[in-house]
Structures are given as C-alpha cells and as structure tokens.
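A quick write-up on the structure given underneath.
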C-alpha cells in the first residue's frame, strides 16, 4: 500500500501549498478531497514536463523584471539629484515634512517614470538641504538618490 501520493495543485490550498506546487499527500486525502474538488491532479510525466516548463518561464520573467529594475536604477542614479520645493519658515525649517509622495512626484516630473511610493525610504526631513533617499525598485534592487529640499 502506498504511503504518499504526488499531486499537482490546481488551486491554493491552505496549509498545503499554492497553485502549481507539487505536493505529497496521503492517498485518502487525495482520493476523497483534493481530486474530486478539482483542487489537484495526479502527476504524470507529461504534467511534470509542463511544471518544469512553467518554472523556466517564471524564472525568465523574474530575470526580465530584475533587468528592468537595474536599468531604472541606472537611470535614477544618472540623474542623481531630485529637487523638492517646500514652504520655509525661520531658520530654514520647513512647514510639515517631505513625504514619499513628494519625492515620487519629483521623480516622475524629472524622468517620466512612475515610482511606487511605498518603496521609497526617506530620513526625517525638517530643514532645507541635501538628504539621501533609498528607492526599492525590486526585491533585490535598491537605488540611492539625493534629495534637495529648497524654499518655495
């Protein structure tokens, strides 16, 4: 009697895996639950080839995304400095603070490239001057740019 059965998941199954994963489960669980509900299919040599082909395509897609992020990083670092205008009070102190939205708008105005504001990390900016900001373009690619805060 078989101890485990290999299946390819067709849907995300909680505590088991995501769609496209190869999993090993008990034969009863496969026969009585996963296969009848079309959550998984038994593995065959053809199915395994399809899985391998999908994995290769996914790796190529991820490599392409990383390459695009690298080129965007080069473009941002070539420009190097972005200017944000803020209203200034006494002692070069600005009203409010410079936010990730301000920097994203400045980058978009200068490069015509949209940057996800959630990937921007800014230091605490309360005065005019020069600051370093980090922009996460990809999980493995981060660009460092200079932000110049000037009076409005």
| Matching entry among 30, 110, 104 (being touching a strand residue (DSSP E or B) at 6+ places or on another chain (Cβ under 8 Å), in contact (Cβ under 8 Å) with a residue 12 or more places away in the chain, in a helix (DSSP H, G or I) and not assigned by TED's automatic domain parsing to the domain that holds residue 144) | 30
| query | Is there a residue being under 30 Å from residue 131 (Cβ atoms), outside any strand (DSSP E or B) and more than 31 Å from the chain's Cα centre (by Cα) anywhere in region 59-82? | reply | no
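Applying the selection to region 83-101, what residues are assigned to a helix (DSSP H, G or I) and out of contact with any helix residue (DSSP H, G or I) (no Cβ under 8 Å at 6 or more places or on another chain)? Explain how you work it out, then say what you get.
Filtering region 83-101 down to residues assigned to a helix (DSSP H, G or I) leaves 90-92, 100-101.
Correct list: 90, 91, 92.
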| query | Quick check: is even one residue across region 44-55 outside any helix (DSSP H, G or I), farther than 30 Å from residue 104 by Cβ and either free of Cβ contacts under 8 Å to residues at least 60 places away in the same chain or not assigned by TED's automatic domain parsing to the domain that holds residue 111 (or both)? | reply | yes
| task | Looking only at region 56-101, count how many residues are closer than 17 Å to residue 144 by Cβ, without any contact (Cβ under 8 Å) to a residue 60 or more places away in the chain and in contact with a strand residue (DSSP E or B) (Cβ under 8 Å, 6 or more places away or on another chain). | result | 2
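The values are calculated or read from the model by the stated rules, or taken from the named source; none is laboratory data. Keep in mind the model is a prediction, meaning the values are calculated, not measured. No Cβ is skipped: glycine too gets one built from the backbone with ideal geometry, and neighbour counts run over all protein chains shown.
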